[in-house]
Structures are given as structure tokens and as C-alpha cells.
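Student: Mind having a look at this structure? Questions to follow.
The values are calculated or read from the model by the stated rules, or taken from the named source; none is laboratory data. This structure is a prediction, so every number in the text was calculated from the model and none was measured. Neighbour counts run over all protein chains shown; Cβ positions are idealised from the backbone, glycine included. What goes into the accessible areas is simple: the full protein's heavy atoms, side chains included, and nothing from ligands, DNA or RNA. Shrake-Rupley method; radii C 1.70, N 1.55, O 1.52, S 1.80 Å.
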Amino acid sequence: MSGTRADNFDRHLERGRRALAEGRTLDLIAEVSAAETLLDAKGGDPVRHLQVASLLQAAFRFSGESELRDRGVSLCQRLADRVDDPSTAIRARATLATFHVISGRFFAMHEACAAAIDLARATDRGHEPAAAMAHQFRGYALFEWNRIDEAKEALERAWSLSKPEWQGIRSGTARMLLSVHHALGDSTRAEAWLSELEEIVSEPMTLRNREWLAAVRTMARGRHDLREIDSWVRTYDYSTGGDLPAEPDEAASRLHELSHLLTVLEATSQWASMIHVAEVMAVGARSSRHWFRVRSLTARAVALEAMGRPGKAEVAWAEALTLGESE
């Protein structure tokens, strides 16, 4: 990459990171897309490809745009088999897993993680951040499959490998260990991991960190203070009116907040509000924001089932399954 192209690439990357930190989702998409056009299609610096893939993952996570996922997966797959450069291949495989977990593709995520872990072990690179991240996401998949003891082992391995400065890995691992101990009925250890998580993310490090932490706290504790939840809902104006903000960038960012709110509403059995928020999300998701469309359908199905409407719930589940399989 020539000097001018490299400078422009770095500029777009920096602007994209700033947009991510400030919650400007559409600006993030624009900047990472501009950086992507400057990549060498025939190869070039693999680190730059991975930097773009990482921002595409964030853009996909907060916008739900399937095209962003496809572009990020393509970048990762081109690097995942470069065993002549193990560090790059391990990072690519671990990053690939992050796209799969956002899409709810746990088998594909588990396979990507296993491939990353195997290569890390074979090349004595188990101490690298990507290896820790692979153990972390493998733990996610095992937990989803109700293989709790194996999930606990994988997550504890991720925690032992990670360093304090690896906040993204440590926060995600702490959250899952919280869930694991909650599932095991060990409220003391669950509460300890919640405290660990709150300490890690005491300063906002990702978009909508406050809302994410509120949702985690609500799900983790057996007691739910509805007054606190209602105050949170009013603060973010979810329960008044049914429209997303008119500003496109704010609307794209708000979808991610709504997904956290659905978690809170489900944990506190507020089924009517859950259906309302799911409908708002469905409107904002549009046809291209696949993940949020599926999320709105599954949330609606859960609420309808809880309200004693199994027929309508079954329709929503079937539609969600069909939509998921169509991708």
C-alpha cells in the first residue's frame, strides 16, 4: 500500500473507531467501507484486513445489516487458512467466530473456535489474545447447548489466558461466567463475577455499554427491582410512543438498545411491553437488518407463549426459524 493510500486507510480506520465509541453507527459503516476499498484485493498486509474485519463486526452488531456480516466473513475466511502465518490465521478464525455468534450460528462458531484453538496449540501461541477469545466464544456455544461444566472450563481457560488490558475479552468472559454460576445455583460466585464485570466496564468501552450492563445485571440477579427498570425505560423513552428516531443514524443505534430492553422485559415478565418493543424493533429492522428481525420475532413468540397464546407464538417461532434458515 502506497504512502497516500496508507495514510487514507489509517484516517478512515481512526474515524471509524471514533464513530463506534460515540455511537454513530452510519458513520462507522461509511468509514469502514471506505477503508475496505483501500485494501489490496490480492493480499497485502493481513493486519489491515483484520482491522477492517473487526470494525465490520462492530458495524454488523449494531446495525444488523447482513451485508456487513458477509463482507467481514469473506475477509476472515481468506486469512483463516494461512497456516504459514499462524498468528494471522488464529486471529481470523477467532474473529470469524464473533460474526457467527452475533448471527446465532453456534455450530459454525464452535468450529471456528476449535480451529483457532487447535492452531494456537500446535504453534505454541496459546498466550495470544485471539486464543483467549476463541476459548471465550467456545464457552458461549457450550453454554447454549447446556453443557455447563464444559462451558465453565472453557471460560475459565479464557480468563486465565487474558490480561487485564484485554477488556473486551475479560468483560465477555466475566459475563458468561456469571451466567454459568447462576445456572449452577451458586449465587455467591455469580455475584462475585457481576462485581468483576462492573469493575471492568466502569468506564464505557463499547457502544451502549450502560444499557448492556443494566440488562446483564437484571438477568443475573434473582431479584428484579421493577421501579429501577421502569425508570430506565422512561429515561430512554421506550414506553412512550412507537416510533424510532427520525434521524437514521440514531435509529440504527437505537435498535441495539431495544435488544437489551427486550432482555430486561423478559427477565421481569413484562410481556405486553415486550411485544410492543418487539414491534418497534421489527419496523426499524427493515428487510436487510436480519438479526434484529429474528430477534423481534423470537421476543414476540416468548411473550405470546407466556401470555397463554400458544397458537400465535407458534406462528412467530415458525417465521423466525424460516427467516433464520434463509440466510
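Student: On the basis of being at pLDDT 60 or above and among the β-branched types (Val, Ile, Thr), does THR263 make the cut?
Tutor: For THR263, the condition - at pLDDT 60 or above and among the β-branched types (Val, Ile, Thr) - is met.
Student: List, please: which pairs have Cβ atoms under 9 Å, are six or more places apart or on different chains, and start with a residue in the range 114-127 that is open to solvent by 20 Å² or more (accessible area, probe 1.4 Å) and end with one that is among the hydroxyl-bearing types (Ser, Thr, Tyr) and not in a loop (DSSP other than H, G, I, E, B)?
Tutor: Pairs found: THR123/SER87; ARG125/SER87.
Student: A further question on this structure: Take THR268 and decide whether it is touching a residue at least 40 places away in the same chain (Cβ under 8 Å) and more than 17 Å from the chain's Cα centre (by Cα).
Tutor: yes
Student: Considering only the range 89-145, how many residues are assigned to a loop (DSSP other than H, G, I, E, B) and more than 13 Å from the chain's Cα centre (by Cα)?
Tutor: Number satisfying all stated conditions: 7.
Student: Could you figure out which of (1) of a type in the set (Asp, Glu); (2) touching a Lys or Arg at 6+ places or on another chain (Cβ under 7 Å); (3) closer than 27 Å to ALA131 by Cα isn't true of ASP84?
Tutor: With respect to (1) of a type in the set (Asp, Glu); (2) touching a Lys or Arg at 6+ places or on another chain (Cβ under 7 Å); (3) closer than 27 Å to ALA131 by Cα, ASP84 is out only on (2).
Student: Mind listing just one residue for me: the one in the range 142-157 that is more than 12 Å from THR173 (Cβ to Cβ) and among the acidic types (Asp, Glu) and, of those, most open to solvent (accessible area, probe 1.4 Å)?
Tutor: Result: GLU153.
Student: Over 18 Å from HIS290 (Cβ atoms) and among the hydroxyl-bearing types (Ser, Thr, Tyr): which single residue out of THR25, THR88 fits that description?
Tutor: THR88
Student: Output the residue which, of all residues in the range 55-72 that are of a type in the set (D, E, K, R) and more than 11 Å from PHE99 (Cα to Cα), is least open to solvent (accessible area, probe 1.4 Å).
Tutor: For the range 55-72, the residue satisfying everything is GLU65.
Student: For the structure I just gave you, tell me whether VAL52 is open to solvent by less than 10 Å² (accessible area, probe 1.4 Å) and either outside any helix (DSSP H, G or I) or over 25 Å from HIS127 (Cα atoms) (or both).
Tutor: no
Student: Just need a number here: residues in the range 12-49 that are among the hydrophobic types (A, V, I, L, M, F, W, C), assigned to a helix (DSSP H, G or I) and open to solvent by 20 Å² or more (accessible area, probe 1.4 Å).
Tutor: Qualifying residue count, the range 12-49: 7.
Student: Return the only residue of SER187, SER195, SER162 being farther than 20 Å from GLN77 by Cα, of a type in the set (Ser, Thr, Tyr) and in contact with a helix residue (DSSP H, G or I) (Cβ under 6 Å, 6 or more places away or on another chain).
Tutor: Result: SER162 is the single residue among SER187, SER195, SER162 that is farther than 20 Å from GLN77 by Cα, of a type in the set (Ser, Thr, Tyr) and in contact with a helix residue (DSSP H, G or I) (Cβ under 6 Å, 6 or more places away or on another chain).
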